[in-house]
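The block underneath contains the structure these notes are about, expressed in structure tokens.
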Amino acid sequence: MKPLAHLLSSLILALSLIPILKWNALLVLAGGFLIDIDHHFWYVYRYRKINIFKAYKFFIKPMDEKNFKSVAGILLIFHTAEFLLIMLALSYISKIALAFTIGLLLHYALDLCYLYFVARGFVVNHSIIYWIYREKIQKL
Ligand SMILES: [Zn+2]
């Protein structure tokens, strides 16, 4: 899902939750939009370059062309089952984490719709453990 869709949907959800969450509604926006910073983390890890504009182009190009070969199997740390489990656990003890996780779940829902209807399958790796396992196997 493109960043603008995440920003607008998270903003609408955050604004609608202000009466309940007060200032913590900002965390809904963070969970729904800012977690895509992990795309940049991957780009820096993979290419050893920190230019965020080149990273943006790197990830937008496959979406525009509907060809996801260049991003197949990559690891986006905040888009993993392990990160979700940590945030769900923290949500039981912290309202701040709960607000963030609400935004995160919206983000995941939009990403899943995109993967299902546009990409037609899981493109990136959704588990840190599985990604590490695959990396080790490939190096043997
Ligand atoms: Zn995403």
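Structure above, values below:
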item	result
Top positive-direction residue, dipole computed over the chain with Cβ charges, set THR80, THR101, LEU27	THR80
At R0 = 41 Å, FRET efficiency that the Cβ-Cβ distance of SER94 and LYS57 yields, to 0.05	0.65
Placed amide H near LEU76: partners under 5 Å, 5+ positions off or other chain	ASN125
For the chain, calculated [θ]222 nm from helices alone, where every DSSP H run of n ≥ 4 adds -39500 (n - 2.57)	-22500 deg cm²/dmol
Loop-resident sites, region 96-140, for trypsin sites (Lys or Arg not before Pro), counting at most 10 other Cβ within 10 Å (DSSP)	ARG120
Size of the chain as Cα extents on the principal axes (Å, biggest first)	51, 31, 30
log10 of Debye I(q)/I(0), alpha-carbon scatterers only, for region 79-135 at 0.17 Å⁻¹	-0.64
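Each value in this text was obtained by applying a stated rule to the coordinates, not by laboratory testing. Not measured: the values here are computed from a predicted model. Note: ideal-geometry Cβ built from the backbone for every residue, glycine included; neighbour counts use all protein chains shown.
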